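Here is the structure we will look at, set down as C-alpha cells.
The values are calculated or read from the model by the stated rules, or taken from the named source; none is laboratory data. Quick caveat, the model's predicted, so the values are computed rather than measured. Cβ placement follows ideal geometry from the backbone for every residue including glycine, while neighbour counts extend to all protein chains displayed.
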Amino acid sequence: MGHDYLRVFKELNIEDVKKHLIIWGDLTSDCASCRKLGINAFSATHCPECGIEFKYVTSRRLDQHPGERFHLVRRMHEKRPDLLFIDYTDYTKLLGQKQARDFFG
Ligand SMILES: [Zn+2]
C-alpha cells in the first residue's frame, strides 16, 4: 500500500524549530541554528559544527517548485523518516514575526 503526504498543522515553538532545523538545498544543506553550510541532509543526524540534533527539515524548493512538493517530501521522508517536514514559507514568516517582536519588545 502506498503512502500519501498531506500537510498538517502542529503546534510548535519557532525557536525550538530553528534550533533543530536543517535547510535542504539543491546541492547541500545548512544548519538553521549556526548557518553551517555543506551538510548532507540525507545522512547527518547532528550538525558537524554546533552539534545540535536535527529534528526538522525544510526546503526553499517547496516554493520554487510547487508541482514537485510532494515528490520532494516523499524523497526526504524515505531517507529521513525521523525528520518532520516544515513548510518553508511558514518558517520564514513566523521567524520574521518573532524577530520583529523581539526587536520592538
Ligand atoms: Zn549548526
Sole residue being out of contact with any strand residue (DSSP E or B) (no Cβ under 7 Å at 6 or more places or on another chain) and in a loop (DSSP other than H, G, I, E, B), chosen from PHE42, PHE70: PHE42
Inside region 73-88, can you point out the residues that are among the aliphatic types (A, V, I, L, M) and either farther than 14 Å from ALA41 by Cα or not in a helix (DSSP H, G or I) (or both)? LEU83, LEU84, ILE86
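Search region 48-59 for residues being without any contact (Cβ under 8 Å) to a residue 24 or more places away in the chain and touching a Lys or Arg at 6+ places or on another chain (Cβ under 9 Å), and hand back the single one that is farthest from the ligand (Cβ to nearest atom).
Checking each candidate, the answer is PRO48.
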Search result, residues across region 20-36 that are over 15 Å from TYR91 (Cβ atoms), among the hydrophobic types (A, V, I, L, M, F, W, C) and more than 10 Å from the ligand (Cβ to nearest atom): LEU27
Take TYR91 and decide whether it is hydroxyl-bearing (Ser, Thr, Tyr), in contact (Cβ under 8 Å) with a residue 60 or more places away in the chain and assigned to a loop (DSSP other than H, G, I, E, B). no
Considering each of LEU72, LEU83 in turn, give the residue that is modelled with pLDDT under 95 and in contact with a Lys or Arg (Cβ under 7 Å, 6 or more places away or on another chain). LEU72
Mind listing whichever residues of region 1-19 are over 22 Å from LEU95 (Cβ atoms) and out of contact with any strand residue (DSSP E or B) (no Cβ under 9 Å at 6 or more places or on another chain)? MET1, GLY2, HIS3, ASP4, LEU6
Just to be sure I understand the filter: pairs with C-beta atoms under 7 Å, separated by 6 or more residues or on different chains, first member in region 22-47 and among the aromatic types (Phe, Trp, Tyr), second member within 13 Å of the ligand (Cβ to nearest atom). Which pairs pass? TRP24/ALA41
Within region 34-43, is there a residue that is at pLDDT below 95 and of a type in the set (D, E, K, R)? no
Quick check on this structure: which one of LYS55, LYS19, LYS98 is modelled with pLDDT under 95 and surrounded by 14 or more Cβ atoms within 10 Å (Cβ to Cβ)? LYS98
